[in-house]
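S.K.: Sending over a structure as structure tokens; questions will come in a sec.
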Amino acid sequence: MRKIVALVGADAVANAMRQVNPDVVAAYPITPQTEIVQRFSEFVADGLVDTEFITAESEHSAMSACIGASAAGGRVMTATSANGLALMWEVVYIAASTRLPIVMGVVNRALSGPINIHCDHSDSMGARDAGWIQLYSEDAQEAYDNTIQAVRIAEHEMVQLPVMVCQDGFITGHDLERLELLDDEEVRAFVGSRKIEHSLLDLDHPITVGPLDLPDYYFEHKRQQAEAIERSRAVIDEVAEEFEELTGRSRPKVFPYKLDDAEIATIVLSSTSGTCRVVVDQLRERGVKAGTLKIRCFHPFPWQEIMEALRGVKAVAVLDRSASLGALGGPVYLEVRSALYAAEMRPAVVDYIYGLGGREVRLADIESVYSDLSRVVETGETGAMVRYLGVRE
């Protein structure tokens, strides 16, 4: 029976994992992700899942164990944050390159230094070229929904790639929210069982996993990987449609809000999406044609959907909760600006780096962004392409 419950975002992910009932979870605790694996370990101890829980000695070891278990044919999940994700960097790339459908919850936290345990997106954005699909969650409900869908996406025969399910540390990760949990049997029917073609444990049909790959084949294997993540676009939509039929909750790759007639708009990931919608509603009451676009799926980057959603918008502000130091703006801005270069009517696009290290973003901050965009439309002058929101200069 479905339940309406109050859970923090980390517990929501742990409950999704419990309902999926993976074969193996290998993990190491790190703030603010710890509660995911701590809660899941309680499910293991209480006999609520059949999972083999591996308490690794580091995040590098945890992802290495996940790779071995997945290559053997198991359904595998894990979780991490920030410095933990950085420590497993080498094997994060190997998991994707070896085409293993591992699902990992990432509770976003600033990547040191100086050391900081609060939210920004520098950890997962640093891994954006590792070959993982990346889904971002606005709230606990979306983190729960994304985790369930991620299993189907990762294990689809046309994809076979790992998936990160991201949420904002100490915002959604530790914020108590109302959400609906599906019935356990509904979730298990939705995700089904993993179908594998090859397994390390099949002694009658031996295979090699992770071999030395020299110039004669490496390039072709990377090309296959690129094709797989391209094919995931359609699979992500297909799984979202099936999930909507089951739950009534729509989870498109991008979520446009009041963009049909908007002249100015923001683009944002995760928890700040709700803040932007509140400001849009306030501006609309004053006659300002404002809108906002939430990106749920960052990789593969939904460039076509973004171009379509912004058709007719005159000025756009991208909100980046991470900085690509030395680049022309943050990672979301760079992707958006590149996509809009092909648009027939290109809006002015500016970038706002915000919220680094957990710096709070307020309604007034977002409203100032829209005020800046209105000036861009009025004057035709873009001004500085990269700006910093809420920082003491």
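S.K.: From (1) in contact with a strand residue (DSSP E or B) (Cβ under 6 Å, 6 or more places away or on another chain); (2) outside any strand (DSSP E or B); (3) under 18 Å from Ala265 (Cβ atoms), pick out the condition that doesn't hold for Met345.
M.R.: Tallying (1) in contact with a strand residue (DSSP E or B) (Cβ under 6 Å, 6 or more places away or on another chain); (2) outside any strand (DSSP E or B); (3) under 18 Å from Ala265 (Cβ atoms), Met345 fails exactly one: (1).
S.K.: Now a separate question. For the stretch 29-58, name all the residues that are within 23 Å of Gly192 (Cα to Cα), out of contact with any helix residue (DSSP H, G or I) (no Cβ under 6 Å at 6 or more places or on another chain) and assigned to a strand (DSSP E or B).
M.R.: Hit for the stretch 29-58 is Glu52, nothing else.
Okay, residues lined up against (1) of a type in the set (A, V, I, L, M, F, W, C); (2) not assigned by TED's automatic domain parsing to the domain that holds Gln167:
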residue	(1), (2)
Lys222	no, no
Glu227	no, no
Arg233	no, no
Ile236	yes, no
Glu242	no, no
Asp260	no, yes
Glu263	no, yes
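S.K.: Yes or no: Ala26 part of a strand (DSSP E or B) and crowded, with 23+ Cβ neighbours inside 10 Å?
M.R.: Taking the combined requirement at face value, the residue satisfies it.
S.K.: Only one residue in Leu373, Leu389 is under 20 Å from Ser122 (Cβ atoms), surrounded by 15 or more Cβ atoms within 10 Å (Cβ to Cβ) and at pLDDT 95 or above, so which one is that?
M.R.: Of Leu373, Leu389, the one residue that is under 20 Å from Ser122 (Cβ atoms), surrounded by 15 or more Cβ atoms within 10 Å (Cβ to Cβ) and at pLDDT 95 or above is Leu389.
S.K.: Let me ask something else. Residue under question is Glu197, and the condition is that it be loosely packed, with under 13 Cβ neighbours inside 10 Å, over 25 Å from Asp50 (Cα atoms) and not small (Gly, Ala, Ser); does it hold?
M.R.: Against the criterion (loosely packed, with under 13 Cβ neighbours inside 10 Å, over 25 Å from Asp50 (Cα atoms) and not small (Gly, Ala, Ser)), Glu197 does not qualify.
S.K.: Can you tell me which residue is surrounded by the fewest Cβ atoms within 10 Å (Cβ to Cβ) among those in the stretch 295-319 that are without any contact (Cβ under 8 Å) to a residue 60 or more places away in the chain, under 19 Å from Leu373 (Cα atoms) and in contact with a strand residue (DSSP E or B) (Cβ under 9 Å, 6 or more places away or on another chain)?
M.R.: Looking at the filtered set, the residue picked out is Ile306.
S.K.: Does Asp351 fit the bill of being crowded, with 22+ Cβ neighbours inside 10 Å and modelled with pLDDT of 95 or more?
M.R.: In short, yes.
S.K.: What single numbered condition from (1) over 18 Å from Gly74 (Cβ atoms); (2) surrounded by fewer than 24 Cβ atoms within 10 Å (Cβ to Cβ); (3) in contact (Cβ under 8 Å) with a residue 24 or more places away in the chain fails to hold for Gly173?
M.R.: (2)
S.K.: Could you identify the single residue in Ala130, Ala79 that is assigned to a strand (DSSP E or B), among the small types (Gly, Ala, Ser) and assigned by TED's automatic domain parsing to the domain that holds Ala189?
M.R.: Only one candidate qualifies: Ala79.
S.K.: So Glu344 clears everything in (1) charged (D, E, K, R); (2) modelled with pLDDT of 95 or more; (3) over 18 Å from the mean Cα position of the chain (by Cα) except one condition, right? Which one?
M.R.: So the condition that Glu344 fails would be (2).
S.K.: Which residues, taken from the stretch 278-294, are free of Cβ contacts under 8 Å to residues at least 60 places away in the same chain, among the small types (Gly, Ala, Ser) and part of a strand (DSSP E or B)?
M.R.: Listed by number, the list holds a single entry, Gly291.
The values are calculated or read from the model by the stated rules, or taken from the named source; none is laboratory data. Fair warning: this is a prediction, and the values are worked out from it, not measured in the lab. Please note: Cβ atoms are built from the backbone with ideal geometry, for glycine as well, and neighbour counts cover all protein chains shown.
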